[in-house]
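> Take a look at this one; I'll ask things after.
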Amino acid sequence: MNSTPRARFVAELGPRIQHAVLAFDFDGTLSPIVEDPALARPAAGAVATLEQLAALGARIALVTGREATTVLRLSGLAHVPGLIVSGVYGAQAWRDGRLAVVPTPPAIEQMRHRLPTLLPPGTGLWVEDKQISLVVQGRGSAAASLSTFEPLLRAEAEPLGLEVHPGRSVLEVRVPGLSKGSAVRDLLMMVDAHVLVYCGDDVGDVPAFEELRRQRAGGRLTWSVAVRSDEVPTITRHADLAVADPDELVALLREVVEAVSR
């Protein structure tokens, strides 16, 4: 009998698919990381596979640090029935065509004006404004400059009561209390599900993995799936199952579709 984590994942999720919420990070999980975030697109077959899972009864959710409307546009998943998008770590919630947004706090407004003046010239660092958070991007050759810039960013952000969170080639400034763990809790308040799957690739996904462990201790069936990356090789330590890249994640989900359809 095959008892690998992958085989158990398919065997446990397949018969329970109608009672499951499948939640995904976008960048690096459903979509390969690209140097220009505006060019991110789902891996081949991802949209069709998620459509099939939704047709089988699963509830599909995106839990992302990006703005909800941005991920909707890039993912091509807005038409999936019942889709929920938790944007900016839960500060935004898109459901049934409606977007609810937490107001931008004054501290973020202050940093919005201050941050561009702090960026060292010639490093290639730039700021992505998510309204409720601010992200210093350093993809490609600029990534090496982030570690040098981080102490300066913390010195400016922390006196305002803001947090600085490192990620894959990014430093994100946001208000305390926002995380993918809290976003998952909010998701479960919107959708009552006996089974919860979360897939992610970055340090920002670790709180979601931890929340799944808490949910499991409370009696819910959960599976955390890590997508490996060279930038965050330790991410697999936090998950029940690991896949090599977004393409392999799609292949894993197809196995679930095939198992249900037999």
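> Determine the gain in length on full extension of the stretch Ala78-Glu109; use 0.36 nm per residue of separation and subtract their C-alpha separation, reporting nm with one decimal.
8.2 nm
> May I ask for the angle, rounded to the nearest 10°, between helix 106-118 and the longest principal axis of the chain, with both axes built from Cα atoms and the value confined to 0 to 90°?
70
> Related question: Using the Karplus curve 6.51 cos²θ - 1.76 cosθ + 1.60 with θ = phi - 60°, what ³J(HN,Hα) values do you get for each residue of the range 158-166, in whole Hz, with x for Gly and Pro?
So the Karplus estimates, Gly and Pro as x, are 5, x, 8, x, 9, 10, 10, 10, x Hz.
> Separation of the range 163-194 and the range 141-161 by C-alpha centroid, Å?
So the two Cα centres are separated by 20 Å.
> Short version: ³J(HN,Hα) in whole Hz for each residue of the range 248-262, in order, from phi by Karplus 6.51 cos²θ - 1.76 cosθ + 1.60 (θ = phi - 60°), x for Gly and Pro, what are they?
Calculated HN-Hα couplings, in order: 6, 4, 4, 4, 4, 5, 5, 4, 5, 4, 5, 5, 6, 7, 5 Hz.
> May I ask for log10 I(q)/I(0) of the chain at q = 0.08, 0.09, 0.13, 0.14 Å⁻¹, from a Debye sum over the Cα atoms as equal point scatterers with solvent left out?
Reported log10 I(q)/I(0), two decimals: -0.31, -0.39, -0.81, -0.93.
> Now, a different point. Full-extension gain between Arg214 and Ala259, please, as 0.36 nm times their residue separation minus the C-alpha to C-alpha distance.
13.4 nm
> Kindly write out, for the range 81-93 in residue order, the coupling ³J(HN,Hα) from the Karplus curve 6.51 cos²θ - 1.76 cosθ + 1.60 (θ = phi - 60°), rounded to whole Hz, with x marking Gly and Pro.
So the J values, rounded to whole Hz, are x, x, 4, 10, 10, 9, x, 6, 6, x, 6, 10, 9.
> Same structure, new question: Taking H as built 1.01 Å from N, whose amide H comes closer than 5 Å to the amide H of Trp126, not counting residues under 5 places away?
Amide H neighbours of Trp126: Gln137.
> When only Cα pairs under 8 Å and 6 or more residues apart are kept, what is the percent relative contact order across the range 106-174?
Relative contact order here is 31 percent.
Values quoted throughout were computed directly from the atomic coordinates according to the rules given, and no laboratory measurement underlies them. None of the values given here were measured: they were computed from a predicted structure.
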